[in-house]
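The block underneath contains the structure these notes are about, expressed in structure tokens.
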Amino acid sequence: MTQTIFMVGARGAGKTTIGKALAQALGYRFIDTDSFMQQSLQMTVADVVAREGWDGFRLRESMALQTVTAPKTVVATGGGAVLARENRTFMRNHGLVLYLRASANVLVERLTEEPEDAQRPSLTGKPIVDEIRDVLASREALYQEAAHHVLDATLPPKHVIELILQVLANETVK
Ligand code: ADP
Ligand code: MG
């Protein structure tokens, strides 16, 4: 199992947290496409969106996704990476895609605990709770379509990682 592992799921699902711990457990590199973009562009996600709109951000996100894809790498993607068919196909063809699935309630709880400056700009201008519910509903099918495996991301991180390691063990014997 030397492919790239892609973590997909909504903002707050644990792509960064679980991805990092998983990479450590496997001795893989960890890359977060959001952090990668911020470092290479010297701009925050909010800056990119303000300057180039969400379309500009999405274009850069697709490029970043392809740039960071390498063997023995865990890639934490942005919550909206699955919106582009190109990204869904790319991830499925270049590695193993894991969907960290959590309810809107759990996501809201986690995100409201984060400092304000760590949060992304609102996509729609609605209250965060409503927005997350809408975003989840509109993306659920895309996450499912992109993913090879769906994980319950509401379990404790240790447990989620154990489940992923079991999935990987099964993949290698296939
Ligand atoms: P993402 O990268 O998907 O946006 P993060 O990894 O940044 O999500 O996690 C968002 C917040 O939720 C963080 O505060 C993190 O510590 C917490 N978190 C992530 N996964 C879990 C989990 N399985 N159980 C409890 N809290 C979690
Ligand atoms: Mg993240």
- Residue hits (region 23-38; closer than 23 Å to Leu111 by Cα, free of Cβ contacts under 8 Å to residues at least 40 places away in the same chain and open to solvent by 50 Å² or more (accessible area, probe 1.4 Å)) are Ser35, Phe36, Gln38
- Item | Residue in region 54-77 that is crowded, with 23+ Cβ neighbours inside 10 Å, within 14 Å of ligand 1 (Cβ to nearest atom) and polar (S, T, N, Q) present | yes
- Query: Name the pairs whose Cβ atoms lie under 8 Å apart, with the first residue in region 7-22 and within 14 Å of Thr33 (Cβ to Cβ), the second open to solvent by 40 Å² or more (accessible area, probe 1.4 Å) and more than 8 Å from ligand 2 (Cβ to nearest atom), and 6 or more positions between them or separate chains?
  - Reply: Gly9/Arg101; Arg11/Arg120; Gly19/Phe30; Lys20/Phe30
- If you go through Ala147, Ala76, Ala64, Ala70, the only one that is in contact (Cβ under 8 Å) with a residue 40 or more places away in the chain and either within 16 Å of ligand 2 (Cβ to nearest atom) or among the β-branched types (Val, Ile, Thr) (or both) is Ala76
- State yes or no: is Thr4 away from ligand 2 (no atom under 16 Å from the Cβ), out of contact with any Leu (no Cβ under 6 Å at 6 or more places or on another chain) and either modelled with pLDDT of 95 or more or open to solvent by less than 30 Å² (accessible area, probe 1.4 Å) (or both)? yes
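The values are calculated or read from the model by the stated rules, or taken from the named source; none is laboratory data. What you see is a predicted model; the values in this text were computed from it and never measured. Note that we place each Cβ from the backbone using ideal geometry, even for glycine, and neighbour counts take in every protein chain shown. These accessible areas exclude ligands, DNA and RNA; they are computed on the full protein's heavy atoms, side chains included. Shrake-Rupley method; radii C 1.70, N 1.55, O 1.52, S 1.80 Å.
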